[in-house]
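Below is one structure. I have some questions about it.
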Amino acid sequence: MTWDAEHLPQSLHLDRLALRAGGTGHGRLLVSELTLHAALGERWVLLGPNGAGKSTLLMAIAGLVAPDAGSIVLGERPLAQWRSEALARRRAWCPQFWLDPFPVSAWETVACAVLATDPQRDAAEVEQLARSWLERLDAGLLADHDVRTLSGGERQRVALATAFAQGAPLLLLDEPSSHLDWAHQRLLSRLLRQWSADHGTALVAVHDLNLAWALATHAILLDGKGGAVCGPRERVLTASAIGDAYGVPVTLTDDGDARWFRVDMVERDE
Amino acid sequence: MTLKPPPLLLAVLVAIGGMLLALALGLLSGSSGWGWPTHDIFWLIRLPRVLAAFGTGAALALAGALIQLVTRNPLGDPHVLGVTSGASVGALSAILLLPAGVPFGPEIGAVLGALLSMTLVFSLAWRSMGRGLALSAQPGTVVVLLVGVMVGAASGAVVSFILAVADDFKLRNLVFWLLGDLNGATLWWPAWGAAALSLALVWPRAHELDWIARGDAWAWTIGVSVARRRRIAILAACLATGAAVATAGSIGFVGLVAPHVVRLTGLRAARQLLPFSALLGGVFLVLADTVARTVVAPTQLPVGVISAAVGVPVFLMLLLRRRA
């Protein structure tokens, strides 16, 4: 991926960000003070227990939820000052759930992300680009299928192809691996590495600790009570921090560059 | 299952052919049988009626397609917005209160009622049409639908009241109006005008309605002004519905089903769905009305009876054949 002037990657800066559930003033406090700087080419994973605010944080960065306090700055401008058309060329948001009320083919769902950010592009070229992104996500054979007939993992790959095809350097992926098998988790990991090698930035919510380690250069860990730790993955993804956040026993094996996490899934009576 | 739309040229030819055939059938058949009508019957009765039927069907189908898209709800129907019931209150009040023989009394009453209920729905649901972008996969426009249903329910109560206090002579007129009837529909152009206007309102950015149907929050993140598109589409749907109801009373079925039949043929993108739904709705209502006024001639049935009696089994057949 090479960026043209309109899609130039820009860094993301969160300054003392506070978020509440539902984006309203009286929702439960999810994040009380989060400050971070995501530079070009970094891959951030977002971890935390159910309801800790992973999706809300991604939606706040996407511009869909207003923060309770603090600021989000994309490039040199605060997020609230971006027009939605301009923002669409800078960040792509891949939600966790999809609801497809009407029949539509897989390539057409990908194509609308291309068309939205580049309306002047020729129709045949748009279709070709959409199909090539589906192929890159190993969904080329599904291009003409109705998205409503796809399996969970297939639909998810179509959604990921849509997010990549939008051509925005900042990717916000909400649990993109929740339905993916091992091979496709590896594929996602490879694509995200290429993305960041081209100076794109990714923020990815995940639950699988080992996948998180493999994907990430940096990590954010929300504890669900307002607290958050963030920084390079080595500092954030530790057995004690993860164990405290999720309330489970975690053992960690260091294997050179890799780190393996094991969560004891059997509760023992003491 | 793969999805391939039919060639557009073929679809256009079939649609135009069907339209001409339906208009010819409607113009050439009458209560006294089949054949070329006299000059006066043709120009003063049959042509306006056939054109009114076409315009009404087109406007309802267009409104149905728009509501289905922006509310992301396959069960969307022009009558869920409360405009139909509002127009009914206006028309029935006019029939009840005005002396017989006031020209276009019920029609003007229906237009006023439709405008009033539209204003009510819009002022109550204005904020919610812009809100509801984030935080869930649920359709963000549930509030509009519920407000529409509530305005409709309130108007329905007024309709019941009018029916209860009306004398026997007026009751027949009232009931026929409620059933949906093209008998005596002489003004054909308002429905055509409203259908054309509402199509023109949404046309420039019609493709964005497809994106909204795929997820309204997501559509916003790819740069669509979701709130504005949604408000314009609902306004267009209200205008089309109001004009259709003022022309022919409350005709069900066609607004819900015409868009689905068009989708079953593979014409799914809004730029195709909207015009072809309008054409199909118009053709369907012309045919239904032709049957309604000839099948037990000289008695004329309300067109709503025929549109449901023919349309429901045909639609179920199409739907279930696909699934099998």
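Out of all the residues in the stretch B:44-57, is one or more among the aliphatic types (A, V, I, L, M), surrounded by fewer than 19 Cβ atoms within 10 Å (Cβ to Cβ) and at pLDDT 85 or above?
Yes, that holds for at least one residue.
I would also like to ask the following. Using the structure shown, decide if A:Leu17 is within 24 Å of A:Leu222 (Cα to Cα) and touching a Pro at 6+ places or on another chain (Cβ under 6 Å).
yes
Restricting to the stretch B:221-234, count the residues that are at the interface with another protein chain (Cβ under 7 Å from one of its Cβ atoms), surrounded by fewer than 24 Cβ atoms within 10 Å (Cβ to Cβ) and among the hydrophobic types (A, V, I, L, M, F, W, C).
0
Next up: Residue by residue through the stretch B:150-186, note down the ones that are in a loop (DSSP other than H, G, I, E, B), surrounded by fewer than 17 Cβ atoms within 10 Å (Cβ to Cβ) and out of contact with any Lys or Arg (no Cβ under 9 Å at 6 or more places or on another chain).
Once the filter is applied, which keeps residues that are in a loop (DSSP other than H, G, I, E, B), surrounded by fewer than 17 Cβ atoms within 10 Å (Cβ to Cβ) and out of contact with any Lys or Arg (no Cβ under 9 Å at 6 or more places or on another chain), the stretch B:150-186 yields only B:Asp167.
Could you check how many residues of the stretch B:31-40 are of a type outside the set (Asp, Glu) and either out of contact with any Leu (no Cβ under 9 Å at 6 or more places or on another chain) or in contact (Cβ under 8 Å) with a residue 40 or more places away in the chain (or both)?
5
Tally time: how many residues in the stretch A:105-120 are in contact with a Leu (Cβ under 7 Å, 6 or more places away or on another chain) and not hydroxyl-bearing (Ser, Thr, Tyr)?
4
Might you let me know whether the stretch B:76-93 holds any residue that is over 28 Å from B:Val202 (Cβ atoms), surrounded by fewer than 18 Cβ atoms within 10 Å (Cβ to Cβ) and in contact (Cβ under 8 Å) with a residue 24 or more places away in the chain?
no
A further question on this structure: Go through the stretch A:39-85 residue by residue and tally those that are of a type outside the set (D, E, K, R) and more than 21 Å from A:Arg233 (Cα to Cα).
Looking only at that region, the number is 23.
Take the stretch B:204-215 and flag every residue that is touching a residue at least 24 places away in the same chain (Cβ under 8 Å) and more than 10 Å from every other protein chain (Cβ to nearest Cβ).
B:Arg205, B:Ala206, B:Leu209, B:Ile212
Matching residues to (1) under 17 Å from the mean Cα position of the chain (by Cα); (2) buried (at least 20 other Cβ atoms within 10 Å of the Cβ); (3) in contact (Cβ under 8 Å) with a residue 40 or more places away in the chain; (4) more than 19 Å from B:Gly180 (Cβ to Cβ):
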| residue | (1), (2), (3), (4) |
| --- | --- |
| B:Pro275 | yes, yes, yes, yes |
| B:Leu280 | yes, yes, yes, no |
| B:Val296 | no, no, no, no |
| B:Val303 | yes, yes, yes, no |
| B:Val314 | no, no, no, no |
| B:Leu319 | no, no, yes, yes |
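Of all strands (runs of 3 or more DSSP E) completely enclosed by the stretch A:37-140, which ones contain at least 2 residues that are within 14 Å of chain B (Cβ to nearest Cβ)?
By residue number, A:91-94.
Hey, which of the helices (runs of 4 or more DSSP H) in the stretch A:181-270, taking only ones fully inside, have at least 2 residues that are within 15 Å of A:Gly48 (Cα to Cα) and not acidic (Asp, Glu)?
It comes to A:209-215, A:233-236, A:239-246.
The values are calculated or read from the model by the stated rules, or taken from the named source; none is laboratory data. Given the structure is predicted, the values throughout are model-derived calculations rather than measurements. Ideal geometry is used to build each Cβ from the backbone, glycine not excepted, and the neighbour counts take in all protein chains shown.
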